[in-house]
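Structure first, then comments.
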Ligand code: NI
């Protein structure tokens, strides 16, 4: 599934074949399209298109290019359209100092007016910013509520600017230029912006991606942007499509939230098993407290799956690089399920990994590691801190102060029974990355630092 979060389907470039273009988008896997107004007329036409097609939504606004000629009543008309049920955002609005068709002070005044209007309606905003980063940032800081959110459409700034706007609650939207051979700076931004904060768009009929560059753009081509983002971030095309679609659905309030948590879910070429949502830690940085989703997969379980349920979904484990018992909950709470599933996966020639908080021996009041010998190829244990005090503060273990030493002991024991043992830390405030590395080495384990606020 793909979502083109920014198209101008109402523009005259599509007058001869609009329905055909929309049909091609659907055939290319585009589930939803947001068509974005730039003038009063185009806003009206965008809303009419959204009325005609259930999978098209509209955004309403006056583009900064157009602000000079537009008189006050026009903004009242926009306000009126904003009430329509298929309108999901105010946009595109913002500042453009590159062409400067309108004076800067007029652009800024209109930008503020429309931000205030969007805020009243709690509609996210779609921001156009060209060569006006400083003023855009200042006005957003003064006028915008990060809880409502928004998107910097067709992002053209650097990593530093991306961070500043993300701090204000904005998503970064990537368009066709990311496919251009000379767009290395933009690809560097893509590399560093978390996929959880990213959207994709075409801005059609403009900004046609590489294979069709020079021709008219259309929503079906959003897949070329997704492919490029996948390449840059080392994710699969499906990962990028699913995650960016999920981001767009959350931001704009479109689509439906699934009713049942997934028990297995792919990320890259691994299959993750969601065996439990229970945990013996309450890590302050854990994704479970922020979201029911990981990389666009809904993981809140109603019932914990049986070994049979899991094996049915795994099928042939050799289809995947590895089968991973993970982490939206502590998997060793279900040791019997791990053992039954891992035995079957190994028998069929698959590879097994466990992501754990290392509390397994505390949970079962015995050394469980000999029981995993031959069943598990790799284990990643969250070391999380360089001392017991910080560990207790960050992970809030049910077992209290004794947990930290037990985790270290678990890692040490694991190296005796499991071929590949990795200690991990999250780069949270207060964590001494180097001290943790030394501890991991002393325990005989490999070491990996996970990015704060990035999962999966
Ligand atoms: Ni646009």
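Can you tell me which residue in region 43-70 is surrounded by the most Cβ atoms within 10 Å (Cβ to Cβ), limited to those that are within 16 Å of the ligand (Cβ to nearest atom) and more than 25 Å from residue 255 (Cβ to Cβ)?
Selected residue: 64.
Let's see how each residue does on (1) over 30 Å from the mean Cα position of the chain (by Cα); (2) crowded, with 24+ Cβ neighbours inside 10 Å:
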residue	(1), (2)
325	no, yes
346	yes, no
351	no, no
358	no, yes
367	yes, no
381	no, yes
388	yes, no
426	no, no
430	no, no
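Within region 137-149, can one find any residue that is within 16 Å of the ligand (Cβ to nearest atom), at pLDDT 95 or above, surrounded by 23 or more Cβ atoms within 10 Å (Cβ to Cβ) and within 25 Å of the chain's Cα centre (by Cα)?
Within region 137-149, none of the residues are within 16 Å of the ligand (Cβ to nearest atom), at pLDDT 95 or above, surrounded by 23 or more Cβ atoms within 10 Å (Cβ to Cβ) and within 25 Å of the chain's Cα centre (by Cα).
Just one of the numbered conditions (1) surrounded by 18 or more Cβ atoms within 10 Å (Cβ to Cβ); (2) part of a loop (DSSP other than H, G, I, E, B); (3) away from the ligand (no atom under 16 Å from the Cβ) is not true of residue 214; which one?
Here residue 214 meets the rest and fails (1).
With respect to the numbered conditions (1) within 15 Å of the ligand (Cβ to nearest atom); (2) closer than 16 Å to residue 36 by Cβ; (3) in a loop (DSSP other than H, G, I, E, B), which one is the sole condition not fulfilled by residue 156?
(2)
What is the one condition in (1) modelled with pLDDT of 95 or more; (2) away from the ligand (no atom under 15 Å from the Cβ) that residue 40 does not satisfy?
(1)
Suppose we filter 41, 27 for residues that are within 27 Å of the chain's Cα centre (by Cα) and in the same structural domain as residue 206 (by TED's automatic domain parsing); which single one remains?
27
Name the pairs: first residue in region 273-297 and more than 22 Å from residue 360 (Cβ to Cβ), second residue assigned to a loop (DSSP other than H, G, I, E, B) and at pLDDT below 75, Cβ to Cβ under 6 Å, at least 6 apart or on different chains?
Taking only residues 6 or more apart or on different chains, the pairs are 295/456.
What helices (runs of 4 or more DSSP H) completely inside region 293-376 contain at least 2 residues that are in contact with a strand residue (DSSP E or B) (Cβ under 6 Å, 6 or more places away or on another chain)?
Answer list for region 293-376: 307-314, 335-347.
Kindly indicate which of 171, 101 is within 16 Å of the ligand (Cβ to nearest atom) and either within 30 Å of residue 234 (Cα to Cα) or in a strand (DSSP E or B) (or both).
Sole residue among the options that is within 16 Å of the ligand (Cβ to nearest atom) and either within 30 Å of residue 234 (Cα to Cα) or in a strand (DSSP E or B) (or both): 171.
Is there a residue in region 430-443 that is assigned by TED's automatic domain parsing to the domain that holds residue 356 and in contact (Cβ under 8 Å) with a residue 60 or more places away in the chain? Walk me through it before giving the result.
Looking only at region 430-443, we keep the residues that are assigned by TED's automatic domain parsing to the domain that holds residue 356, and these are 430-443.
Next cut, in contact (Cβ under 8 Å) with a residue 60 or more places away in the chain only: none.
No, region 430-443 has no match at all.
Farther than 23 Å from residue 216 by Cα and either within 16 Å of the ligand (Cβ to nearest atom) or part of a loop (DSSP other than H, G, I, E, B) (or both): does that describe residue 84?
yes
The values are calculated or read from the model by the stated rules, or taken from the named source; none is laboratory data. None of the values given here were measured: they were computed from a predicted structure. When we count neighbours, we look across all protein chains shown, and the Cβ atoms used for this are built from the backbone with ideal geometry, even at glycine.
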